Amino acid sequence: MTWTPQYAERTAGMTRSEVRELLKLLERPEIISFGGGVPEPALFPVKETQAAYDDILGDPKLVGRALQYGVSEGWTPLREQIAATMTAKGVRCDVENILITSGSQQAIDFTARAFVDPGSEMLVQRPTFLGALKAFSAYRPKYVVLPDPKSNEPITASRGADRPRMAYVMADFQNPTGESLTMAERHDVIRLCADLDTPIVEDDPYGELYFEAEPMPTLAAVDLDGRHMDESRTLYCGTFSKTLAPGLRVGWLAAPRGVIERFVMLKQAADIQVSTINQIVVSKLLDSLPANRMDHVRATYRVRRDAMLAALDKHLGGMDISFTRPDGGLFVWLQLPAHANAPALLEKAVAENVAFVPGPAFHHDGGGANTMRLSYSLADAAQIDVGVQRLAKVFRENL
Ligand SMILES: Cc1ncc(COP(=O)(O)O)c(C=O)c1O
């Protein structure tokens, strides 16, 4: 069988994820990887997760439901907990506003599946999350850049019937730059999308990983300004991947209830529901974990962020390289001289036993050759210093 002519057009632009490929490097112990943006496994609540599974499997009343199919919307007590947490953060929600998804990645995919036809416009930040670009590109949108709020670039989006179908935005500790929108910039994005009459999809996996002051209100909270989610232009994608563990694959979409009803149909078509037992485990974890647990998670990543910035200051001094100073999340973004080619530098870096993600993966147009993302999530402070020293050597020898 010759397979190539069989594949649908939507697969044409698909390539293997550079990050997933890079994750393979983590298996080589000599490599210090600033590549994958995955959470630190030592922070997973292992004991409590085991206790939750034991509770469920040992409870004759619960186990039959936990191992059974459930409703596609998700486990109701978990949806209630999420609705209450979102309400407490200024996004007034009821249980009907929450759909449980297989990580936020699935919610992101569903938004494009629901709103984007081939050739229709959608707004994205540049750079943006490469996993979202992979999902969106299957629906073959025409990407339009949401201008950098610090620039005065005009927006080139169409108006009227051809207006963008959605805007995909990370407001807090963005992947890949680690940067957040200021309050004024949040208002600007909302005003722009209101003016275009375009829905906003807010993706917020890192909002809870703040290292300094409490974070600003989410885009959804700013958009609603006290109103109920049913009146929202902003849909909110949340996840337990960075606060609990990504292997549970539990995330959610918060949206007006009419939108949720549509998305439930997508969920049924895609995979029926998220694992019932995993949803119940997450629900139990939310009840059983100590309230101050996230302080420890934040403190762990804060130490690593500090180590990364100190190492960059120390080893890149005098080079024509700038980098972001994030207040949360897992990433630092490097801007190298204009002639630099980060994909080529990665090969040299791997030879020096250090890895990163080259910037083009985060650019819908393949640009950003002189940019790169460093994640400090998996290395301790000493390894971070050694890793950045190795990177500095690569830069000195090749730039
Ligand atoms: C910005 C962003 N959105 C979504 C995801 C997907 O996470 P998950 O599907 O595990 O919730 C990630 C994962 O790294 C991410 O960085």
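Read the figures in this text as sums done on the coordinates, not as results from a lab. Small disclaimer: the values here were computed from a predicted structure and weren't measured. Every residue, glycine among them, receives a Cβ derived from its backbone with ideal geometry; neighbour counts consider all protein chains shown.
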Scope region 226-246; condition in contact (Cβ under 8 Å) with a residue 60 or more places away in the chain and assigned to a helix (DSSP H, G or I); matching residues
Met229, Asp230, Pro246
When you scan region 116-125, do you find a residue that is more than 15 Å from the ligand (Cβ to nearest atom), surrounded by fewer than 19 Cβ atoms within 10 Å (Cβ to Cβ) and in a helix (DSSP H, G or I), even just one?
no
I'd like to know if region 174-196 contains one or more residues that are part of a strand (DSSP E or B) and closer than 29 Å to Gly251 by Cα.
no
Report the residue count in region 250-288 for those that are assigned to a helix (DSSP H, G or I), surrounded by fewer than 20 Cβ atoms within 10 Å (Cβ to Cβ) and within 14 Å of the ligand (Cβ to nearest atom).
1
Here is a list: Glu80, Glu96. Which entry is in contact with a Lys or Arg (Cβ under 8 Å, 6 or more places away or on another chain), over 15 Å from Thr234 (Cα atoms) and not in a strand (DSSP E or B)?
Glu96
Could you list all residues from region 115-139 that are in contact with a helix residue (DSSP H, G or I) (Cβ under 8 Å, 6 or more places away or on another chain) and acidic (Asp, Glu)?
Glu121
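Determine if region 218-226 includes at least one residue that is within 26 Å of Thr49 (Cα to Cα), buried (at least 21 other Cβ atoms within 10 Å of the Cβ) and β-branched (Val, Ile, Thr). Quick ask: steps written out before the conclusion?
Here is the first cut: in region 218-226, the ones within 26 Å of Thr49 (Cα to Cα) are none.
Checking region 218-226: not a single residue is within 26 Å of Thr49 (Cα to Cα), buried (at least 21 other Cβ atoms within 10 Å of the Cβ) and β-branched (Val, Ile, Thr).
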Of all residues in region 205-249, count the ones that are within 11 Å of the ligand (Cβ to nearest atom) and out of contact with any helix residue (DSSP H, G or I) (no Cβ under 8 Å at 6 or more places or on another chain).
4
